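The values are calculated or read from the model by the stated rules, or taken from the named source; none is laboratory data. Because the structure is predicted, anything quoted here is derived from the model rather than measured. We place every Cβ from the backbone using ideal geometry, glycine too, and count neighbours over all the protein chains shown. Ligands, DNA and RNA are excluded from the accessible area calculation, which covers all protein heavy atoms including side chains. Shrake-Rupley method; radii C 1.70, N 1.55, O 1.52, S 1.80 Å.
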Amino acid sequence: MATLRIPDEGRTVTDAEAVASYLRGAGIEYERWESARPVADDAPSDEILRAYAEEIERLKVRGGYVTADVIDVTPQTPALETMLAKFNREHWHDEDEVRFIVRGRGLFHIHPREGNVMALEVEAGDLIRVPRGTWHWFDLCADRRIRAIRLFQDISGWTPHYTESGADKRYEPVCLGPAYLPQAPELG
């Protein structure tokens with residue numbers, strides 16, 4: 001489940017409904033998905049797309065998306081640093097950025113034109129839609145792994161347009177994740 005931090009307010013939100021409600025106020029859509037047909041972490045892309053076909057079709061109708069694919073990023077991804085450098089600077093796109101996280105974790109920083117920067121840590125089961133024109137940037141978490149379904153209205157519209165505002169330099173790409181959540185004491 002996603003963790004939403006608003007660094008300038010010193011606020012952290014972890015309840016899925018509260019996360020969705022807060023993000024809605026900034027025009028960002030967030031949902032939790034559970035597949036009726038769970039897939040293995042190493043499943044081929046076509047199997048993942050089949051498992052989530054109903055959800056993908058609903059999104060296509062709702063948002064005018066024409067295609068979906070699966071991106072799989074690991075520490076072994078060729079030219080990983082170059083790829084990440086395209087997206088870890090504040091930018092916007094000519095179309096929505098829609099991601100459903102299948103495996104791994106990542107961090108979307110969202111910078112509303114009016115309001116505080118939000119850091120949304122996403123993990124498996126999280127769906128986010130960042131509307132076209134929204135200023136944001138993305139970083140991987142420390143394990144540098146994420147597998148996600150991406151939806152596109154027009155692949156050519158997905159080019160990042162950089163704001164050059166410098167906001168991305170003022171916020172650390174810190175993921176909290178399971179390692180930072182308090183563990184229940186072991187029984188026994």
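(1) among the polar types (S, T, N, Q); (2) open to solvent by less than 40 Å² (accessible area, probe 1.4 Å); (3) in contact with a Phe, Trp or Tyr (Cβ under 9 Å, 6 or more places away or on another chain): which one isn't true of residue 74, the others all being true?
The number of the failed condition is (3).
Only one of 113, 147, 89, 99 is at pLDDT below 95 and among the basic types (Lys, Arg). Can you tell me which?
On the way: 147 fails: at pLDDT below 95; 89 fails: at pLDDT below 95; 99 fails: at pLDDT below 95.
Going through 113, 147, 89, 99 in turn, just one is at pLDDT below 95 and among the basic types (Lys, Arg): 113.
Could you name every one of the helices (runs of 4 or more DSSP H) located completely within the stretch 16-68 that has at least 1 residues being open to solvent by 70 Å² or more (accessible area, probe 1.4 Å), of a type outside the set (Gly, Ala, Ser) and closer than 16 Å to residue 119 by Cα?
Those helices (runs of 4 or more DSSP H) span 16-24.
Given (1) acidic (Asp, Glu); (2) assigned to a loop (DSSP other than H, G, I, E, B); (3) without any contact (Cβ under 8 Å) to a residue 12 or more places away in the chain, where does residue 81 come up short, assuming only one miss?
Only one criterion in (1) acidic (Asp, Glu); (2) assigned to a loop (DSSP other than H, G, I, E, B); (3) without any contact (Cβ under 8 Å) to a residue 12 or more places away in the chain is unmet by residue 81, namely (2).
Going by the structure shown, is residue 16 farther than 26 Å from residue 70 by Cα, in contact with a strand residue (DSSP E or B) (Cβ under 7 Å, 6 or more places away or on another chain) and at pLDDT below 95?
no
Just name the residue that is nearest to residue 33 (Cα to Cα) out of those in the stretch 77-110 that are touching an Asp or Glu at 6+ places or on another chain (Cβ under 6 Å) and open to solvent by 10 Å² or more (accessible area, probe 1.4 Å).
Per the criteria, the residue is 103.
So which residues in the stretch 73-109 are among the charged types (D, E, K, R), out of contact with any Gly (no Cβ under 7 Å at 6 or more places or on another chain) and over 28 Å from residue 8 (Cβ atoms)?
Within the stretch 73-109, the first condition is being among the charged types (D, E, K, R), and the residues that meet it are 81, 86, 89-90, 94-97, 99, 103, 105.
Imposing the further condition that a residue be out of contact with any Gly (no Cβ under 7 Å at 6 or more places or on another chain) reduces the set to 81, 86, 89-90, 97, 99, 103.
Answer for the stretch 73-109, where residues must be among the charged types (D, E, K, R), out of contact with any Gly (no Cβ under 7 Å at 6 or more places or on another chain) and over 28 Å from residue 8 (Cβ atoms): 81, 103.
Scan the stretch 115-161 residue by residue and report those that are surrounded by fewer than 17 Cβ atoms within 10 Å (Cβ to Cβ), in a loop (DSSP other than H, G, I, E, B) and among the polar types (S, T, N, Q).
Within the stretch 115-161, 116, 159 meet the criteria.
Inside the stretch 1-11, can you point out the residues that are touching a Leu at 6+ places or on another chain (Cβ under 9 Å), part of a strand (DSSP E or B) and surrounded by 13 or more Cβ atoms within 10 Å (Cβ to Cβ)?
Once the filter is applied, which keeps residues that are touching a Leu at 6+ places or on another chain (Cβ under 9 Å), part of a strand (DSSP E or B) and surrounded by 13 or more Cβ atoms within 10 Å (Cβ to Cβ), the stretch 1-11 yields 3, 4, 5.
Quick check: anything in the stretch 139-156 of a type in the set (Ser, Thr, Tyr) and in contact (Cβ under 8 Å) with a residue 40 or more places away in the chain? Steps first, please.
As a first pass, look at the stretch 139-156 and keep what is of a type in the set (Ser, Thr, Tyr): 156.
Still in the list and also in contact (Cβ under 8 Å) with a residue 40 or more places away in the chain: none.
So far as the stretch 139-156 goes, no, none of its residues is of a type in the set (Ser, Thr, Tyr) and in contact (Cβ under 8 Å) with a residue 40 or more places away in the chain.
In the stretch 80-117, which residues are touching a His at 6+ places or on another chain (Cβ under 7 Å) and closer than 17 Å to residue 30 by Cα?
Answer for the stretch 80-117, where residues must be touching a His at 6+ places or on another chain (Cβ under 7 Å) and closer than 17 Å to residue 30 by Cα: 108, 109, 110, 111, 117.
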